[in-house]
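Worksheet: the structure to be examined is printed underneath.
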């Protein structure tokens with residue numbers, strides 16, 4: 001098989017795995033921002049918290065990796081409701097700046113807390129055997145962990161799509177993103193809806209954080225380091241749009257991977273260049289409302 | 001006829017009242033000498049902490065430049081470190097690659113280059129608001145950092161440009177080990193920049209900026225050239241941040257790509273918020289309190305310090321949205337009310 005095809009397939013595969021991570025972690029942020037217009041810079045902190053819960057569950061309590069992921073998502077999702085009820089709620093009507101400051105303050109506190117309990121050195125998790133090796137697809141073998149990530153991502157997309165487009169709650173969320181006042185006036189409880197999506201979104205972020213440990217390692221800085229990526233995915237995709245978030249995650253994931261394969265020195269340059277170009281042409285993102 | 005005759009003197013009177021109001025605000029109050037007196041006193045009281053002192057002065061200037069953009073014009077940016085970095089690298093690269101080691105002309109060069117970059121990016125970016133603007137400003141700073149990293153053969157990359165040597169200030173004052181020259185030099189530059197900023201803030205242009213911050217639709221409606229004004233103030237703020245960056249390189253005699261870090265943008269914003277936005281002296285209070293706390297607490301435990309700054313932000317947003325100076329003002333009002341009662 002010609003060399004460039006192998007490279008292209010590798011880029012596509014790794015890019016797809018990366019895109020799934022971006023999608024899983026960012027989708028909750030996109031929906032909550034679309035609903036309330038709340039700039040949540042602490043989203044990365046929830047992802048980091050999820051990662052550390054997974055570390056504790058697997059290393060200290062000896063629970064398997066996959067059940068640990070699920071438990072961590074539920075725990076972080078539940079805890080996030082407390083933050084939403086007591087802190088976020090007070091600033092829904094405030095301007096961008098105050099929301100940015102509150103949530104960045106929370107992110108700093110989360111980083112410090114994680115450093116205190118886990119130390120600044122990156123953590124890893126023990127993986128089950130079936131996630132450690134490679135999968136041979138005939139012409140080339142791929143790391144099975146990334147294959148697992150892609151499969152999980154596709155399943156989650158299907159579930160979220162069904163929930164968003166085919167259920168009653170999904171219809172209410174879409175209505176509230178489109179026009180919050182109108183939705184409220186026909187009797188949709190947007191507040192409750194928001195708490196619900198916030199919990200699910202933070203749970204998904206925690207899942208993403210758990211999945212990221214094997215990809216990038218987990219250190220307290222995760223909360224801020226990758227936050228920029230999540231925000232970029234949300235901004236490029238358009239607030240509150242499932243389709244947009246998926247498209248943005250795919251475009252950015254694959255572009256970034258391609259950039260790192262083909263022009264290693266340029267590093268993260270590509271992802272930002274794509275962001276700037278997209279936002280200059282479409283300020284509200286791919287599927288955002290102008 | 002009668003009605004129009006009556007309105008003409010009215011309008012004139014209104015204009016005079018407005019001019020009188022602006023002039024009155026622009027007048028110096030005795031309390032305004034206080035920060036400068038303290039700064040001079042610090043020079044004599046802590047002669048061995050002048051290196052730290054000059055860093056504080058530089059951060060005050062950096063926060064002041066953000067105050068113009070964020071506090072007065074209400075532009076929320078997460079990439080203000082870009083201009084600080086450009087100023088720092090203009091001077092750094094000038095000294096390392098071109099042998100341009102004269103400090104004062106270096107400051108001017110840094111101001112011009114940063115201001116030009118501020119004009120370019122501002123002209124493109126200031127049409128956007130909210131999250132889009134946040135992401136675009138953030139991406140701009142990170143792209144500059146990545147570009148510097150890409151050409152690390154030229155920029156020195158994350159290892160930086162160490163061991164830069166600059167000529168004595170004005171050809172007279174050479175740098176000493178204790179940083180006395182640095183402190184006075186930075187303080188004088190800050191004073192010049194401050195009076196420039198103060199002049200802008202109390203001018204009609206400054207009033208227009210406040211108007212844009214408070215109600216951009218109404219400013220459009222009364223025919224104010226909003227975009228042009230925003231780009232102008234962004235350019236000025238960028239230039240001042242560039243001067244702060246240039247001073248940073250000159251006083252430390254080295255610079256690395258970490259000046260473009262998101263941390264740097266966030267830090268200056270925290271300082272400004274801590275002191276109070278849109279009130280000139282907020283930058284002084286915020287930067288000094290932040291730098292001194294950081295100096296003391298981060299020696300004790302960096303983790304503790306980071307937690308503290310996070311907590312400070314959360315409490316600040318919830319209970320003191322106008323910063324430390326706002327709290328002081330409230331306390332002053334409360335006291336005077338208390339006193340006038342009996």
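The values are calculated or read from the model by the stated rules, or taken from the named source; none is laboratory data. Note that the structure is predicted; figures quoted are calculated from it, not measured. Positions of Cβ are generated from backbone atoms using ideal geometry, with glycine treated the same way; all protein chains shown enter the neighbour counts.
Within the bounds of the stretch A:54-72, is there any residue that is under 20 Å from the mean Cα position of the chain (by Cα) and within 14 Å of chain B (Cβ to nearest Cβ)? No, the stretch A:54-72 has no match at all.
Look at the stretch A:82-100 and say how many of its residues are surrounded by 16 or more Cβ atoms within 10 Å (Cβ to Cβ), in contact (Cβ under 8 Å) with a residue 60 or more places away in the chain and either more than 14 Å from chain B (Cβ to nearest Cβ) or more than 20 Å from the chain's Cα centre (by Cα) (or both). Summing the residues that are surrounded by 16 or more Cβ atoms within 10 Å (Cβ to Cβ), in contact (Cβ under 8 Å) with a residue 60 or more places away in the chain and either more than 14 Å from chain B (Cβ to nearest Cβ) or more than 20 Å from the chain's Cα centre (by Cα) (or both) in the stretch A:82-100 gives 1.
Would you please name the residue that is surrounded by the most Cβ atoms within 10 Å (Cβ to Cβ), looking only at residues in the stretch B:80-117 that are within 14 Å of chain A (Cβ to nearest Cβ) and not in a loop (DSSP other than H, G, I, E, B)? Within the stretch B:80-117, the match that is surrounded by the most Cβ atoms within 10 Å (Cβ to Cβ) is B:81.
Only a single criterion out of (1) within 14 Å of chain A (Cβ to nearest Cβ); (2) under 30 Å from residue B:217 (Cβ atoms); (3) in a helix (DSSP H, G or I); (4) in contact (Cβ under 8 Å) with a residue 60 or more places away in the chain is not satisfied by residue B:131, namely (4).
Scanning the stretch B:248-270 for residues being within 14 Å of another protein chain (Cβ to nearest Cβ) and assigned to a helix (DSSP H, G or I) gives a total of 12.
From the list A:66, A:75, which one is in a helix (DSSP H, G or I), surrounded by fewer than 18 Cβ atoms within 10 Å (Cβ to Cβ) and in contact with a helix residue (DSSP H, G or I) (Cβ under 8 Å, 6 or more places away or on another chain)?
On the way: A:66 fails: in contact with a helix residue (DSSP H, G or I) (Cβ under 8 Å, 6 or more places away or on another chain).
None of the others qualify; the one that does is A:75.
Scanning the stretch A:109-132 for residues that are within 27 Å of residue A:41 (Cβ to Cβ) and either in contact with a strand residue (DSSP E or B) (Cβ under 6 Å, 6 or more places away or on another chain) or in a loop (DSSP other than H, G, I, E, B) (or both) returns A:119, A:120, A:121, A:122, A:123, A:124, A:125.
Being more than 14 Å from every other protein chain (Cβ to nearest Cβ) and under 13 Å from the mean Cα position of the chain (by Cα) narrows it down to one residue among B:236, B:273, B:222, B:200; which is it?
Values: B:273 fails: more than 14 Å from every other protein chain (Cβ to nearest Cβ); B:222 fails: under 13 Å from the mean Cα position of the chain (by Cα); B:200 fails: under 13 Å from the mean Cα position of the chain (by Cα).
Just one listed residue meets the conditions, B:236.
Checked against the criterion of being buried (at least 22 other Cβ atoms within 10 Å of the Cβ), within 30 Å of residue A:30 (Cβ to Cβ) and modelled with pLDDT of 85 or more, the stretch B:144-154 has at least one qualifying residue.
Before we move on, is residue A:239 within 13 Å of chain B (Cβ to nearest Cβ), more than 29 Å from residue A:4 (Cβ to Cβ) and buried (at least 19 other Cβ atoms within 10 Å of the Cβ)?
Details: within 13 Å of chain B (Cβ to nearest Cβ): yes; more than 29 Å from residue A:4 (Cβ to Cβ): yes; buried (at least 19 other Cβ atoms within 10 Å of the Cβ): yes.
Yes: the conditions hold for residue A:239.
Taken over the stretch B:282-339, the criterion of being surrounded by fewer than 16 Cβ atoms within 10 Å (Cβ to Cβ), closer than 20 Å to residue B:51 by Cα and either within 12 Å of chain A (Cβ to nearest Cβ) or touching a residue at least 40 places away in the same chain (Cβ under 8 Å) (or both) is satisfied by B:292, B:295, B:298. Count of the stretch A:8-47 residues, restricted to those that are within 14 Å of chain B (Cβ to nearest Cβ) and within 24 Å of residue A:260 (Cα to Cα), is 2.
When residue B:62 is tested against (1) under 13 Å from the mean Cα position of the chain (by Cα); (2) assigned to a loop (DSSP other than H, G, I, E, B), only condition (2) is not met. The set of residues in the stretch A:141-151 that are out of contact with any strand residue (DSSP E or B) (no Cβ under 8 Å at 6 or more places or on another chain) and surrounded by 14 or more Cβ atoms within 10 Å (Cβ to Cβ) comprises A:145, A:146, A:148, A:149, A:150.
Does residue B:120 satisfy the criteria of being within 30 Å of residue A:264 (Cα to Cα), modelled with pLDDT of 85 or more and at the interface with chain A (Cβ under 10 Å from one of its Cβ atoms)? Quick ask: steps written out before the conclusion?
Numbers: within 30 Å of residue A:264 (Cα to Cα): yes; modelled with pLDDT of 85 or more: yes; at the interface with chain A (Cβ under 10 Å from one of its Cβ atoms): no.
It is false that residue B:120 is within 30 Å of residue A:264 (Cα to Cα), modelled with pLDDT of 85 or more and at the interface with chain A (Cβ under 10 Å from one of its Cβ atoms).
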